[in-house]
Structures are given as structure tokens and as C-alpha cells.
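Here's the structure we're looking at; comments come further down.
Every number here is computed from the coordinates shown, using simple stated rules; none is lab data. Because the structure is a prediction, the values reported are computed rather than measured. Note: ideal-geometry Cβ built from the backbone for every residue, glycine included; neighbour counts use all protein chains shown.
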Amino acid sequence: MLRERDLCPPLLHHLVAIERCRGRFTFDEILVAATTLGFGSGNNTPKGFSAEFVENAWYECIKQSWQDQKHGAETRRCSNEALRILAEYWNNVRLRAACESKQSIDMNPENAYDTLEVLSGVDDSGIIEACEIKVNFLVRLFMTIPLNIHFQLEEMQKQLDIMREAAACLAEIKNSKALRQFVATRMNNNLSPDCNLDGYGKLFLPTAGSVFK
């Protein structure tokens, strides 16, 4: 019996490791996940929260991480893991999609400047102009590639999502109302199979000073 009891701890540890490899988690991890995203309540299992609420809570954590140079990366890692755990716990399609799409971008301030190809000291108008130029280039590039329309849209959407996240990141670290409005109103369009790529440039960023002519 003693030998069997002595074998239990490493055996249990091994089983826990296997479950973690399978993407499973403990009850305590569910509680920690909710607390990490800011809506945990003691020892009670989180419930009654909509997928939109949870996704917004997660994104607020991500935005806050962009302003924290010292602990930002760790905050993003913990927030992403919390979202994954809750998505699996609730078996929620929307939250799983958020895990797959937004987390794959993994934006941070340095990546944001590199993505938009601007210097860290650039002003809001320079960032907006950079977005317009890059979107214009992207649209024209995909228009010249003889690919299936659905593949074109899928790949374009991925690139547009990355640029949108980069602009959102810079809006937060600069605490810029103009950039936040720019992202919310002029970089919040999603492609659809019936959209017209030829006219999409003008549709995407319809401004008086747009590079789309």
C-alpha cells in the first residue's frame, strides 16, 4: 500500500500533464481565467456572461497590455490563455474564433510600427496616411492575382485584420481619440464574397484625402 501511495503523486502529475497537452484545464483554472479578464467572483463558476462581453473584456486586457512595456507580454499571454480556457469551458464558437483569429496576430507596439512601416515619432495623420497607402497597395495587389475570389478575400481579410490591429495598438499607446475613431469607423469593414474588389479601396477608407482615386 505504501508503495502504491508513493506512486500516486507522480502518476497524478503525469495524468495532469497529459490533460494539459490535450488543452484541458482544472476548475481552479476556470476561476483564474475569469478573474484574469476582470469578471471573476470568488469560488463561483463564471456563468451568465455573453460571448460579446467576454471577448470585450479580453480585448480590454490586451489594450491595457500595450501600454505596459515591462509586463505587457505576460499580460497578453495570461489574457489569451484565459480566453482559450473560457472558450473551451463554454464550448463557445465566437470565443473560439476570437482565439484563432485575433490571438494569431499577437500585436504589440513594436510590431505595430513595423506593420504600418512608420517611425515611433510619427503623428496621427502620418499613421492614417500609412494605413491608406498600405490598404490601397493590398487591394491593387490582389486585383492583379488571378486567384479564386474566396481565396483572395480570405487572404486580404487576414492582412486587413493585421493592419487594423496595428492601428488600434498605436491608438492605445498614443491615447489618441482621432486614431480610435479612425479604427472604429474607417477600419472596421469586413470583406464578403459578393463585394467588388475594384471598388473596395474607396469603400474601405472613404476620406477626402484618401489615396484611393
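For beta carbons closer than 6 Å, sequence separation of 6+ or different chains, a first residue in the stretch 83-110 that is free of Cβ contacts under 8 Å to residues at least 60 places away in the same chain and a second that is of a type in the set (Lys, Arg) and surrounded by fewer than 20 Cβ atoms within 10 Å (Cβ to Cβ), the qualifying pairs are 87/96.
Under the condition of being part of a helix (DSSP H, G or I) and free of Cβ contacts under 8 Å to residues at least 24 places away in the same chain, which residue from the stretch 66-76 is nearest to residue 36 (Cα to Cα)? For the stretch 66-76, the residue satisfying everything is 75.
Of the residues making up the stretch 106-128, those that are part of a helix (DSSP H, G or I) and surrounded by fewer than 18 Cβ atoms within 10 Å (Cβ to Cβ) are 110, 111, 114, 124, 125, 126.
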